[in-house]
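Colleague: The structure under discussion is supplied below as structure tokens; questions concerning it will follow.
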Amino acid sequence: MLDELSSIQSDALAAIESIDSESSLEEFRIHYLGKKGRLTATAAGMRDVAKEDKREIGQKLNEVRTTITGLIDTRTAQLDAQKDAKAVAGIDPTLPARSLPQGAGHPLSQMLNRAVDTLHQLGFAIAEGPEIEDEWHCFDALNTPEDHPARNEKDTFYFDSGKLLRTHTSTVQVRTMEGAKTLPVRIIAPGSAFRRDEIDATHSISFTQLEGLYVAEEVSLADLKGTLEYFFHSIFGKDTELRFRPHFFPFTEPSFEIDIKLHTAGKSARWIEIAGCGMVDPAVFEAIHSQRKDDLFSPDQVSGFAFGLGIDRLAMIQHGIPDLRLFSENDLRFLNQFA
Ligand code: DAH
């Protein structure tokens with residue numbers, strides 16, 4: 001039996017040399033190690049071996065099996081390596097990868113993201129509301145009376161149902177306060193607003209606004225000013241000059257428009273308006289109070305500030321874009337400049 005094992009081993013060592021494919025390697029395995037293979041058959045003879053020879057023959061049997069298994073493993077690895085080499089033949093893996101066309105944010109999205117990031121840092125969370133609104137959330141709750149020009153059919157898109165496309169994102173102030181569980185409320189609402197306007201370089205029927213609202217027990221004008229100065233300095237640089245100019249909005253008292261000083265090469269510097277803001281008018285709190293079953297927004301207990309700005313306007317200023325229509329025409333020659 002020892003002789004038989006030795007000859008199996010030497011036959012295997014000789015045969016492996018000519019194995020050059022996965023299928024012939026499999027045949028080789030079956031021939032030696034398969035159920036009816038030579039080694040398996042020889043191993044079956046172990047039970048007839050005399051007791052004193054069992055140890056020696058058993059060891060030899062193991063040695064031959066290990067040798068053959070080793071041969072198969074080595075050959076498998078060699079065949080795999082050959083296959084890999086063939087697959088990449090003629091390819092230079094050191095060449096730089098081909099570049100894929102990459103997308104980039106639209107200039108309005110880029111500005112919106114910056115604005116949102118900056119206000120997030122100050123603790124403002126995003127709030128949302130529908131674009132199709134009712135008059136209560138768009139006007140009445142915001143202290144805007146029936147005869148206000150903004151409510152005119154000439155200025156606003158109404159549906160037959162009496163609903164309308166929101167004319168500003170200030171609607172989200174109202175919805176947030178109606179649903180708030182606790183104070184403070186510190187939210188921003190980015191989104192689209194719609195007005196019936198003649199379309200030209202600075203007017204559009206839809207634009208992107210960002211509304212902000214902070215309500216707590218004691219909010220002051222200094223909080224408003226500090227927040228918005230920080231915001232505009234973050235967006236346009238800390239040397240940017242700002243001014244708060246008294247103005248009127250139905251939903252804030254006092255109210256301001258914020259102007260930024262714009263320096264354009266070859267022109268004298270000029271102030272241009274970039275946002276509206278003010279201290280929330282007690283009439284707005286009163287409207288919210290009347291809708292709620294508790295006193296969370298009772299006008300004599302809370303105070304707050306609000307602001308609203310046009311993202312389009314900020315992006316135009318930042319990049320010196322002269323015409324609002326460029327944002328919606330999707331001309332890649334324009335958009336690629338911001339990629
Ligand atoms: N809603 C105003 C508009 O669309 C912008 C605005 C002004 C919002 C003053 C405010 C504010 O919250 O306090 O023109």
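All of the numbers you see were taken from the coordinates with simple rules; none came from a lab. Just so we're clear, the structure is a prediction, and the values are computed from it rather than from any experiment. In this analysis, Cβ positions are derived from the backbone assuming ideal geometry, glycine residues included, and neighbour counts consider all displayed protein chains.
Colleague: By the gyration tensor of its Cα atoms, with a ≥ b ≥ c the square roots of the eigenvalues, what is the shape of the range 162-274: rounded for a/c under 1.5, prolate for a/b over b/c, or oblate?
Modeller: Taking the square roots of the gyration eigenvalues as a ≥ b ≥ c, the range 162-274 is oblate.
Colleague: Taking 0.36 nm per residue of sequence separation and subtracting the Cα-Cα distance, how much length would be gained by fully extending the chain between residue 261 and residue 154, in nm to one decimal?
Modeller: In short, 35.3 nm is gained.
Colleague: Another question, then. Using the Cα atoms of the chain, I'd like the radius of gyration and the largest Cα-Cα distance, Dmax, both in angstrom.
Modeller: For the chain, the Cα-based Rg and Dmax read 39.4, 116 Å.
Colleague: Right, something else. Tell me the Kirkwood hydrodynamic radius of the range 286-339 in angstroms, computed as one over the mean inverse distance between distinct C-alpha pairs.
Modeller: One over the average 1/r among Cα pairs gives 15.0 Å for the range 286-339.
Colleague: Under a plain spin-label model, where a point goes 7 Å from the Cα along Cα-to-Cβ, how far apart in nm are residue 104 and residue 178?
Modeller: 4.2
Colleague: In addition: Using a 10 angstrom cutoff on alpha carbons, build the Gaussian network for the chain and name the most mobile of 304, 34, 226.
Modeller: 34
Colleague: Express as a percent, rounded to the nearest 5, the fraction of DSSP beta bridges in the chain (both residues included) that run antiparallel.
Modeller: Antiparallel bridges make up about 95 percent of those DSSP assigns within the chain.
Colleague: Hey, another quick one. Could you tell me the largest-minus-smallest coordinate of the C-alpha atoms of the range 62-148 on each of the three principal axes, in descending order and whole angstroms?
Modeller: Extents along the principal axes, in whole Å: 101, 38, 28.
Colleague: Follow-up question, since we're still on this one. Would you kindly work out the equivalent ellipsoid of the range 2-87 from its C-alpha gyration tensor and give its semi-axes, the square roots of five times the eigenvalues, largest first in whole Å?
Modeller: Square roots of five times the eigenvalues give 30, 11, 10 Å.
Colleague: A follow-up question, please. For a quick check, take a GNM of the chain with Cα springs below 10 Å and name the residue from 13, 122, 142 with the largest mean-square fluctuation.
Modeller: Result for the chain, Cα springs under 10 Å: 13 fluctuates most.
Colleague: So, one more: Residue 267: which lysines have alpha carbons under 28 Å from its alpha carbon, excluding same-chain residues fewer than 8 sequence positions away?
Modeller: Answer for residue 267, where 28 Å is the Cα cut-off: 238, listed by chain and number.
Colleague: If contacts are Cα pairs under 8 angstrom and at least 6 residues apart, what is the relative contact order of the chain in percent?
Modeller: Relative contact order of the chain: 15 percent.
Colleague: For 38, 270, what's the fewest-to-most ordering of other Cβ within 10 Å of each Cβ? Don't skip to the end; give the middle numbers.
Modeller: On the way: 38 19, 270 11.
Taking fewest neighbouring Cβ atoms as first place, the list is 270, 38.
Colleague: To the nearest 20 Debye, how big is the dipole of the chain about its Cα centre, given +1 on the beta carbon of each Lys and Arg and -1 on that of each Asp and Glu?
Modeller: Here the size comes out at about 1120 debye.
Colleague: Kindly give the semi-axes, whole Å and largest first, of the ellipsoid equivalent to the range 184-339, taking each as the square root of 5 times a Cα gyration tensor eigenvalue.
Modeller: They are 32, 19, 13 Å, listed from largest to smallest.
Colleague: State whether the range 1-45 is rounded, prolate or oblate according to the following rule on the C-alpha gyration tensor (a ≥ b ≥ c being the square roots of its eigenvalues): a/c under 1.5 gives rounded; otherwise a/b larger than b/c gives prolate, and the remaining case gives oblate.
Modeller: Judged from the Cα gyration tensor, the range 1-45 comes out oblate (a/c at least 1.5, b/c at or above a/b).
Colleague: Specify whether the C-alpha gyration tensor of the range 109-209 places it in the rounded, prolate or oblate class, a ≥ b ≥ c being the square roots of the eigenvalues: rounded for a/c under 1.5, otherwise prolate if a/b is larger than b/c and oblate if not.
Modeller: Oblate, because a/c is 1.5 or more while a/b does not exceed b/c.
Colleague: If you project the alpha carbons of the range 253-298 onto the principal axes, what extent comes out on each, in Å, largest first?
Modeller: For the range 253-298, the Cα extents along the three principal axes come out at 59, 14, 11 Å.
Colleague: On to the next question. Mind checking which helices in the chain clear 20 Å along their axis (Cα) and have mean Kyte-Doolittle hydropathy of 0.0 or more, DSSP H runs only?
Modeller: On the way: long enough: 2-16 (21 Å, 0.63); 51-87 (54 Å, -1.07); 107-121 (21 Å, -0.37); 221-236 (22 Å, 0.55).
Span-like helices here: 2-16, 221-236.
Colleague: I've got another one for you. Towards the positive end of the charge dipole of the chain, with charges on Cβ (+1 Lys, Arg; -1 Asp, Glu), say which of 321, 104, 167 has the farthest Cα.
Modeller: 104
Colleague: Now a separate question. Restricting to DSSP H runs of at least four residues, report the calculated mean residue ellipticity at 222 nm for the chain, -39500 (n - 2.57) per run over all residues, nearest 500 deg cm²/dmol.
Modeller: That calculation yields -13000 deg cm²/dmol at 222 nm.
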